[in-house]
Amino acid sequence: GVTSSSALPVLPCQCRELAMDFLNSLPFIGKATPPKKDPVTVRLIKDSDTAEVKRMWKEGFYAKENFENYPMWARVLFGVLVPIFVNYSLYFGDMANPLKTYSETGNAMFVAEDTETKEVLGCVAIGKTSEDGVVEFKRLSVSDKARRRGVGVKLGSEVIKTAKQLGYKKVWAMSGNRVMPILFKKLGMEPAPDTRGKFVGDLS
């Protein structure tokens, strides 16, 4: 093994310091440990992400927590309308080609990936609106196996940061999901008084 510092022979001060510097520079011996990589990386969407992002968003849209806060009659209505909306979005709307849609000026789409495996864990987008200075926080979805890893917060934080960089003054989001209000509040967004399920954040 390596001789401990307390057992080093008596050396002139400068030589002893040089010897300790050398020992501390050796792998697994020095006091300093290399910084740990962030286990989740957020980046802009790539073309190769498209299939997985579409699958994940569709799966997330049908999650039971999106509907359980509503009365039975509303759930029945959603059972008819949601498939129409989802399929329209996937084949004719913004999710038909998310890379193209969210590459347009004022828009952006991000994915969260496992830093080690490069597996896509979640996605989110910001979309410009007809209202000047206002952007929509949309298309957030996190893989079931990536829950409780802070993926939603990382994606949401990227939305807020990017919206500010693009010069937006306000961000809003709409969700009936019972979990989403917790995330929105962490990001500094508050419930809109006039619309159920709508949250608004001041970016100025």
Checklist entry - Can PHE85 be described as surrounded by 15 or more Cβ atoms within 10 Å (Cβ to Cβ), of a type in the set (A, V, I, L, M, F, W, C) and modelled with pLDDT of 90 or more? => result no
Next on the checklist: Tell me yes or no: at least one residue of the range 125-136 is crowded, with 18+ Cβ neighbours inside 10 Å, acidic (Asp, Glu) and assigned to a strand (DSSP E or B).
Outcome noted: yes
Checklist outcome for this item: Of the candidates GLY30, GLY79, the one satisfying the condition of being over 30 Å from GLU158 (Cα atoms), out of contact with any Phe, Trp or Tyr (no Cβ under 9 Å at 6 or more places or on another chain) and modelled with pLDDT under 95 is GLY30
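Starting from residues that are outside any strand (DSSP E or B) and out of contact with any Lys or Arg (no Cβ under 6 Å at 6 or more places or on another chain), keep the ones in the range 189-204 and report whichever is most open to solvent (accessible area, probe 1.4 Å).
ARG196
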Checklist entry - Any idea which residue in the range 153-177 is farthest from VAL42 (Cα to Cα), counting only those that are of a type in the set (Lys, Arg) and assigned to a helix (DSSP H, G or I)? => result LYS164
Item to check | Condition broken by LEU183, with the remaining ones in (1) in a loop (DSSP other than H, G, I, E, B); (2) under 23 Å from ASP38 (Cα atoms) satisfied | outcome: (1)
Item to check | Hits in the range 33-54 - residues which are open to solvent by 90 Å² or more (accessible area, probe 1.4 Å), at pLDDT below 95 and not polar (S, T, N, Q) | outcome: PRO34, PRO35, LYS36, LYS37
Item to check | Residue ID - farthest from ARG178 (Cα to Cα), chosen from residues in the range 55-76 that are open to solvent by less than 80 Å² (accessible area, probe 1.4 Å) and of a type in the set (A, V, I, L, M, F, W, C) | outcome: MET56
Checklist entry - Among (1) at negative phi; (2) in contact (Cβ under 8 Å) with a residue 40 or more places away in the chain, where does ARG139 come up short? => result (1)
Checklist outcome for this item: Reported set for the range 163-188 where residues are over 19 Å from GLY60 (Cβ atoms) and open to solvent by less than 70 Å² (accessible area, probe 1.4 Å) is ALA163, GLY167, TYR168, VAL171, TRP172, GLY188
Item to check | Residue under evaluation ARG16, criteria (1) loosely packed, with under 13 Cβ neighbours inside 10 Å; (2) at pLDDT below 70, criterion not met | outcome: (1)
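Test of understanding: among THR115, THR101, THR105, which residue is of a type in the set (Ser, Thr, Tyr), open to solvent by 20 Å² or more (accessible area, probe 1.4 Å) and modelled with pLDDT of 95 or more? Steps first, please.
Numbers: THR115 fails: modelled with pLDDT of 95 or more; THR105 fails: modelled with pLDDT of 95 or more.
Selected residue: THR101, the only one of THR115, THR101, THR105 that is of a type in the set (Ser, Thr, Tyr), open to solvent by 20 Å² or more (accessible area, probe 1.4 Å) and modelled with pLDDT of 95 or more.
The values are calculated or read from the model by the stated rules, or taken from the named source; none is laboratory data. Please read these numbers as outputs of a predicted model, since none were measured by experiment. Glycine gets a Cβ as well: all are built from the backbone with ideal geometry, and neighbour counts include every protein chain shown. The area values use the complete protein model at the heavy-atom level, side chains included, leaving out ligands, DNA and RNA. Shrake-Rupley method; radii C 1.70, N 1.55, O 1.52, S 1.80 Å.
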